[in-house]
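Worksheet for the structure shown next.
What follows draws every value from the coordinates through simple rules; no lab data is involved. Owing to the predicted nature of the structure, the values given are computational and were not obtained by experimental measurement. In this analysis, Cβ positions are derived from the backbone assuming ideal geometry, glycine residues included, and neighbour counts consider all displayed protein chains.
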Ligand SMILES: C[S@@+](CC[C@H](N)C(=O)[O-])C[C@H]1O[C@@H](n2cnc3c(N)ncnc32)[C@H](O)[C@@H]1O
């Protein structure tokens, strides 16, 4: 495991993409995955509970002050921004929305970049706004690995295109190839 | 920006202005300082540190940045519904009722509470202490004038929370603003109080402290929970934000769940007191 964490930003088309990813992650996948999925402020956390138990990997909502553990997938809770502290625990805030979004991808990515530096993988997937662009840029500046879904293969291409126009990512890949790459990196 | 730079800035703010952010979540503080630096075109922390110490306007801007005053009326309608169903019956048993909103920001939460107490016929025997350490926010709260941009959202929240009237009967509209009714203000006492550095100021039946403690590190949360514990009467009720809890504090065993999901807790009777009484 040469990377300590994976952060993923995803918006419209996200649920489908995430389900594909979860169904392909092998048992014993270690690197923790932290996800901002744009979602209505009024939704409760039931959808996360539904996801958990369907796949081999543990999926849960990130709790305030919770320690980030290997082998787990965490979602930012609806209506809160998610931040990462230096002792690898989560913080939540209700600061104003960023790019009309709360949780915002930029907020998570910028904070994860500060914390994990070059031990971080940042991924932008399908979505129809430009949240995440500043964040993935910050990850690159801090030495992390950056991956963007190939816009041609994304259900909504706006978010990947925005990311690619701001930085030259290390990889531009289809979702399937991103998953293969993650599995390979997890074993290293 | 290193940890050391941040803590030295916070130390300087504390010494000069008395505001103690030293045990706030570092990721939060870092984010707000970086925002302020990029908005003011500053390159490094030492620059902002010397400016904050020299220039009171920048200092007060930074204090605004660090104290997040984002709030709503009837935020989390499920919470207010539960408040009506489970907490109001408890409050009804008291001849007079004291409520403390700690970290009330611009007051929307306290006005929401005043509305509920009015609808439940309890407002005349209620005092609401609404406190914050942000004077600018308190001034706005006292005025009770809010932009009408959010009112549609608030109306939905209010209805979902079990509101008995129409929300519009509690305010008058005026040029893009709404002005809260005088009758709601009459039993609200607005006061400047810092949860980190000030002590208990009243004994109360109900405390609401929602979305404030998420910004605090564990030890500080614990310290503030002690303050709350000492402010509540036996059997008093504590309401936290929907993502907050008591699990990491020393007071987990001292409360019973009223509504686990909505983070409503009831202080257990202390045996010693019960025996004496
Ligand atoms: C995000 S707002 C929460 C407002 C409201 N309770 C709600 O949930 O909608 C947080 C508030 O806590 C206040 N606050 C932060 N630290 C404080 C302290 N040490 N003492 C008193 N108030 C504090 C801030 O000024 C801000 O108004």
*For the modelled label position 7 Å from the Cα of residue B:194 along Cα-to-Cβ, which residues of the stretch B:38-55 have backbone nitrogen atoms closer than 20 Å?*
B:49-55
*Provide Rg over Rh for the protein assembly as shown; use the alpha carbon set for both Rg and the Kirkwood Rh (inverse mean inverse pair distance).*
0.99
*Consider all pairwise Cα distances in the stretch B:122-277 and report the whole-number % of them above 21 Å.*
56 percent
*Over the C-alpha atoms of the stretch B:101-210, what are the Rg and the largest Cα-to-Cα span, Dmax, in Å?*
14.0, 41
*At residue B:4 and residue B:43, where each label point lies 7 Å from the Cα along Cα→Cβ, what is the point-to-point distance in nanometres?*
2.0 nm
*If one computes the Cα centroid of the stretch B:22-87 and of the stretch B:226-247, what distance in Å separates the two points?*
23 Å
*Counting DSSP beta bridges with both ends in the stretch A:5-186, the antiparallel % (nearest 5)*: 20 percent
*Looking only at B:159, B:47, B:221, which one moves most when chain B is put into a Gaussian network model with springs between Cα atoms under 10 Å?*
B:47
_Most fluctuating residue given options B:180, B:150, B:73, as computed from a GNM of chain B linking Cα atoms under 10 Å_ = B:150
*Of the DSSP beta bridges with both residues in the stretch B:129-251, give the percent that are antiparallel, rounding to the nearest 5.*
45 percent
*Relative contact order of the stretch A:134-183: what whole-number percent is it, with Cα pairs under 8 angstrom and at least 6 residues apart?*
40 percent
*GNM, chain B, Cα, under 10 Å: largest mean-square fluctuation among B:198, B:259, B:65?*
B:198
*Hey, with R₀ at 45 Å, roughly what FRET efficiency would residue B:179 and residue A:69 work out to, going by the Cβ-Cβ distance, to 0.05?*
0.35
*With a/c under 1.5 counting as rounded, go ahead and sort chain B into rounded, prolate or oblate using the C-alpha gyration tensor (a ≥ b ≥ c being the square roots of the eigenvalues; past the cut-off, prolate if a/b is larger than b/c, else oblate).*
oblate
_If I take the Cα coordinates of the stretch B:3-66 and project them onto the principal axes, what are the three extents in Å, biggest first?_
27, 23, 20
*asked:* Given axes a ≥ b ≥ c from the Cα gyration tensor, I'd like to know whether chain A is rounded (a/c under 1.5), prolate (a/b larger than b/c) or oblate.
replied: rounded
*Can you give the translational diffusion coefficient of the stretch A:60-118 in µm²/s, computed by Stokes-Einstein from the Kirkwood radius over Cα pairs at 10 °C and 1.306 mPa s?*
137 µm²/s
*Note the full-extension length gain between residue B:142 and residue B:94 as 0.36 nm times their separation in residues minus their Cα-Cα distance, in nm to one decimal.*
14.6 nm
_Pairwise centroid distance, computed over Cα atoms, of the stretch A:171-188 with the stretch A:76-98, Å_ = 26 Å
*Give me the percent of DSSP beta bridges within the protein assembly as shown that run antiparallel, rounded to the nearest 5.*
35 percent
_the stretch A:1-58 and the stretch A:103-124: distance between their alpha carbon centers, rounded to Å_ = 16 Å
*Once label points are set 7 Å from the Cα along Cα→Cβ at both residue A:46 and residue B:70, what is their separation, rounded to one decimal in nm?*
2.5 nm
*Any idea what the relative contact order of chain B is, in percent, if you count C-alpha pairs under 8 Å spaced at least 6 apart?*
17 percent
